[in-house]
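The values are calculated or read from the model by the stated rules, or taken from the named source; none is laboratory data. Only a predicted model underlies this, so the values are computations on that prediction, with no experimental measurement involved. Note: ideal-geometry Cβ built from the backbone for every residue, glycine included; neighbour counts use all protein chains shown.
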């Protein structure tokens, strides 16, 4: 009976209240909800693009590295043959990483040169699909190089994001001085653009090229492994070890965790501040509106108490009003969020690392709804509790 009376009083208060105040409060709650969901979703989008770039261009799903104190993985062909037979492995690509200085028309830059077998690399990464000019390398290529777009650069240096070679084009020849002092003139066969800064700032040659320069044979700095089922990296890491892989095996997240962890930490601080400010705004707005509403209805509250309605029933009626406003505001906020995310999916935000689309997690929605309802109920309860403490005669006299 008490709950029925509280709901009746709440319904009449909403019906007879100021419509503009009601709509404004709902709009504020809706915008607060959008803010609570938007930034965490963008952060998840940034994390998602980091993960995809790590898998597609840099590490694959798993990375096999030399054992401690070893510079290279020896007998790498036997290792890849063993790994390729493991159920769940889609492909492997051995890589040799070396340092070098690349010179072009008086400009020289120190960078990394990556050697791989192009046919195997196609099975593991998507670098071959990111050639924006020229062609991808072939297994038999010699004296040819693939450059990242950031390394190749532009003739107008103001257009470069980092130091570059000043506008190398396909067909040009660059002079590469490897870490052991050997110098070779290599023809640029293609330019790639992945939007991953580390990838686009490197040069790529065939494994045969680096083996001749360094006198290596059947060795690799790392072996990238592509899995048939994304998300099973941890399980497959254990599986590879059980199949006799004695080298160090890491997931792509373990390899990239330093950079990503720092980025996520910074984003989390920003998100925490934004969430706190949004919830404070919601509390203040609802508190002020309910407080003004209860003060203006002191006589009515006094009369309700005089005819025998309990104080807790009156407080519950105001809490019910707030719950209804929060529910309606959340619903409007969900609609605005869905419209905003549809727009950003079609027109993604452009970050230095690539195009970022919001990623909505169910836990983000649930946390935002629960948090918004919690602060709304508190903000509605406190002013109602303060106002209804007044004595009946004092309230009726106003």
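Per-residue answers, yes or no, for (1) more than 21 Å from residue 37 (Cβ to Cβ); (2) at pLDDT 75 or above:
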| site | (1), (2) |
| --- | --- |
| 307 | yes, no |
| 326 | no, yes |
| 335 | no, yes |
| 343 | no, yes |
| 355 | no, yes |
| 361 | no, yes |
| 382 | yes, yes |
| 388 | yes, no |
#### Entry: Which listed residue, of 188, 199, is modelled with pLDDT of 90 or more, closer than 19 Å to residue 152 by Cα and in a helix (DSSP H, G or I)
199
### Summary
Apart from one, (1) in contact with a helix residue (DSSP H, G or I) (Cβ under 6 Å, 6 or more places away or on another chain); (2) closer than 24 Å to residue 164 by Cβ; (3) not in a strand (DSSP E or B) all hold for residue 210; the odd one out is (1)
### Message
Between 246, 222, which is at pLDDT below 90 and either out of contact with any helix residue (DSSP H, G or I) (no Cβ under 9 Å at 6 or more places or on another chain) or over 15 Å from residue 51 (Cβ atoms) (or both)?
### Response
246
### Message
Restricting to region 118-142, give me the number of residues that are surrounded by fewer than 17 Cβ atoms within 10 Å (Cβ to Cβ), in contact with a helix residue (DSSP H, G or I) (Cβ under 7 Å, 6 or more places away or on another chain) and within 28 Å of residue 180 (Cα to Cα).
### Response
3
### Query
Restricting to helices (runs of 4 or more DSSP H) lying wholly in region 1-108: which have 3 or more residues that are at negative phi and modelled with pLDDT under 90?
2-16, 19-53
